[in-house]
Amino acid sequence: MALTKTPFLSLGSRGSIGKTLTTQKRGSKTLLRRKPIPTDPKSPAQLTWRQVYRDAVASWNSLTTEEKEAWRGICPRLTAYQCFMRSELVYVPPIIPIDVGADAIDRASYVATRYTIIDKNNPANASGILHTVKVYAFIDLNGLRVGTFYLTNINKLKCRDSVLIGYVENKGVRTFTGLSIAVEAGDYIGCFYTSGNIERDIEGFVGIWGKYNEYIDPGDEATYTFYAGDAISLYGIGEPAA
């Protein structure tokens with residue numbers, strides 16, 4: 001049923017006609033226009049927050065009368081329910097994971113064996129621990145060790161930490177979890193392997209550092225050759241320090 005608060009189309013008409021039309025006062029004029037329909041994009045953030053609100057209401061309803069009354073007077077000028085809900089709906093920002101290195105994807109070329117290679121693309125965005133490494137091998141890798149590095153001078157880098165992964169099969173991207181590699185904001189990810197090849201691009205990226213032989217034990221420091229435009233398929237994920 002269409003309801004208006006004064007006779008429809010009268011000078012002072014106010015209200016809506018069903019869900020399609022509504023009147024609106026603009027100065028001395030009364031306008032008839034299409035009733036706006038609020039958008040509800042149902043974004044992941046909205047859906048998450050709505051669930052948090054439903055959980056908070058459910059928690060309140062599960063309290064006994066005595067437990068509800070215990071909230072009264074704790075928050076000035078708020079009812080017991082309002083005080084409880086305010087405490088439950090405190091926003092906790094999501095933890096942004098650490099990521100470092102270029103995507104582990106199929107690329108146009110590869111890196112030769114027995115080089116310590118450090119990728120300058122996408123330095124670590126935060127400090128913490130890398131727990132996951134993704135690798136894309138061109139030919140099966142043996143003796144793969146992955147580590148984090150930082151600059152000490154122009155093209156001179158020092159290994160902060162590393163772990164031995166070992167064998168990596170050439171079957172697309174391979175993911176290794178349960179690792180613990182210390183990383184600081186601004187660090188780079190690198191690797192060394194005794195045989196095989198890792199995927200590499202030679203243009204379109206920031207670049208990589210390379211040096212023949214192994215310099216990937218914690219504390220190892222060396223001067224590298226920089227290859228501008230390159231990237232390797234080595235990517236690390238971690239959690240920021242508490």
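Taken together, the values in this text are just the output of simple stated rules run on the coordinates, not laboratory data. Quantities reported herein were computed from a predicted structural model and do not represent experimental measurements. Virtual Cβ from ideal backbone geometry, glycine too; neighbours counted across all protein chains shown.
Using a Förster distance of 45 angstrom, determine the FRET efficiency expected from the C-beta separation of residue 140 and residue 242, and round it to 0.05.
Numbers: r = 38 Å, r/R0 = 0.84.
In this case the efficiency is close to 0.75.
Excluding residue 174 itself, what net charge comes from residues whose Cβ is under 12 Å from its Cβ, given Lys and Arg +1 and Asp and Glu -1? Provide the component values of the computation, followed by the final result.
On the way: positive: 134, 171; negative: 140, 169, 199.
Neighbourhood net charge equals -1.
In the structure displayed, which of 120/171; 120/158; 171/211 lie more than 22 Å apart, Cα to Cα?
The answer is 120/171; 171/211.
Taking Cα pairs under 8 Å and at least six residues apart, what relative contact order does the stretch 98-240 come out at, in percent?
Values: 492 pairs, mean separation 58.4, N = 143.
Averaging sequence separation for qualifying contacts and normalising by length gives 41 percent for the stretch 98-240.
What ranking of 50, 107 emerges when the number of other C-beta atoms within 10 Å of each C-beta is taken as an exposure proxy, fewest first?
Numbers: 50 11, 107 21.
With the fewest neighbours first, 50, 107 line up as 50, 107.
What chymotrypsin sites (Phe, Trp or Tyr not before Pro) does the stretch 172-242 have in DSSP loop regions with at most 16 other beta carbons within 10 Å?
Values: sites: 176, 188, 192, 193, 205, 209, 212, 215, 224, 226, 227, 235; in loops: 193, 205, 215, 224.
Sites meeting the loop and neighbour criteria: none at all.
Using θ = phi - 60° and the Karplus relation 6.51 cos²θ - 1.76 cosθ + 1.60, list the HN-Hα couplings for the stretch 138-148 in order, rounded to whole Hz, with x at every Gly or Pro.
7, 10, 2, 9, 10, x, 5, 10, 10, x, 10
Counting only residues 5 or more places away or on other chains, whose amide H sits under 5 Å from the amide H of residue 170 once H atoms are built in the peptide plane?
140, 141
Apply the Karplus curve 6.51 cos²θ - 1.76 cosθ + 1.60, θ = phi - 60°, to the phi angles in the stretch 55-65 and return the couplings in whole Hz, x for Gly and Pro.
5, 5, 4, 4, 5, 4, 5, 7, 6, 6, 4
Per 0.36 nm of contour for each residue apart, how much would the distance between residue 69 and residue 114 grow if the chain were fully extended, relative to their Cα-Cα spacing? Please list the in-between numbers first.
Values: separation 45, 0.36 × 45 = 16.20 nm, distance 7.01 nm.
Result for the pair: 9.2 nm of gain on full extension.
Around residue 131, what is the net charge, scoring Lys/Arg as +1 and Asp/Glu as -1 over all other residues with Cβ under 14 Å from its Cβ?
On the way: positive: 134; negative: 99, 161, 239.
Summing Lys and Arg as +1 and Asp and Glu as -1 gives -2.
If you take the alpha carbon radius of gyration of the stretch 72-150 and divide it by 2.2 N^0.38 Å, what ratio comes out, to two decimals? Numbers along the way, then the final one.
Values: Rg = 23.7 Å, N = 79, 2.2 N^0.38 = 11.6 Å.
Rg over 2.2 N^0.38 Å, computed on Cα atoms: 2.05.
Counting Lys +1, Arg +1, Asp -1, Glu -1, what net charge surrounds residue 214 among other residues with beta carbon under 12 Å of its beta carbon? Intermediate results must be reported in sequence, preceding the final value.
Details: positive: 114, 145, 211; negative: 217, 220.
Here the charged neighbours net out to +1.
Given H placed on each backbone N at 1.01 Å, which residues far from residue 102 in sequence or on other chains put an amide H within less than 5 Å of it?
Those lying under 5 Å, H to H, from residue 102 are 232, 234.
Could you work out, for the stretch 94-197, what percent of all Cα-Cα pairs fall into each 5 Å distance bin, beginning at 0 Å and stopping at the bin that holds the largest distance?
All Cα pairs considered, the percentages come to 3, 13, 24, 27, 19, 12, 3, 1, 0.
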